[in-house]
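The values are calculated or read from the model by the stated rules, or taken from the named source; none is laboratory data. In this text, all values refer to a predicted model and were calculated from it rather than measured experimentally. No Cβ is skipped: glycine too gets one built from the backbone with ideal geometry, and neighbour counts run over all protein chains shown. Only protein heavy atoms, including side chains, enter the accessible area calculation; ligands, DNA and RNA are left aside. Shrake-Rupley method; radii C 1.70, N 1.55, O 1.52, S 1.80 Å.
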Amino acid sequence: MQFLIDKIRKLDVGWNERPLTEEDFYALCGRFGVTIEEEALSKEGFYSCFGGRHLIALDRALIGRERMRRFVMFHEFAHFLMHEPSTATTVAFHGLGPRTRAETEADIFALAAVLPLSLISCRTPQELIDE
């Protein structure tokens, strides 16, 4: 677990300190050479690695649903960062298949990226819902 915490801290983007933005997501993907594609998908997003190329695909239907869009972005980035650091062929679909530890970890990473502790600790549940 300490390995993952160290890996996340090395991102140096304010993860779990401030709400991360789409710009943060695109900058991280650029830094790590992850290609991003937006297209009509049957799921909200997926991460894949094929032939050493890392790809995050996002469903165009997320446009206009900004908080969910950022959640999916960082969920898929978490799969790249935490679960598939090699260049082995893999695919991980958001919300498809059994609930695994990797899916839970990606959700936690994404949740802390979009709603960091500094944001939720000083608000009531109703304030967070209304936001």
What is the distance, in nm, between label points placed 7 Å from the Cα along the Cα-to-Cβ direction at T100 and at A61? 2.4 nm
Round to the nearest 10 and report in Å² the accessible area of E66, as given by a 1.4 Å probe over the protein chains' heavy atoms. 80 Å²
Given labels modelled 7 Å from the Cα in the Cβ direction, how far is it in nm from S42 to E22? 2.7 nm
Heavy atoms only, probe 1.4 angstrom, no DNA, RNA or ligands counted: give me S42, S121, S48 ranked by accessible area, highest first. S42, S121, S48
Using only the heavy atoms of the protein chains and a 1.4 Å probe, how would M68, M82, M73 rank by accessible area, largest first? M68, M82, M73
Hey, with R₀ at 35 Å, roughly what FRET efficiency would K10 and D130 work out to, going by the Cβ-Cβ distance, to 0.05? 0.50
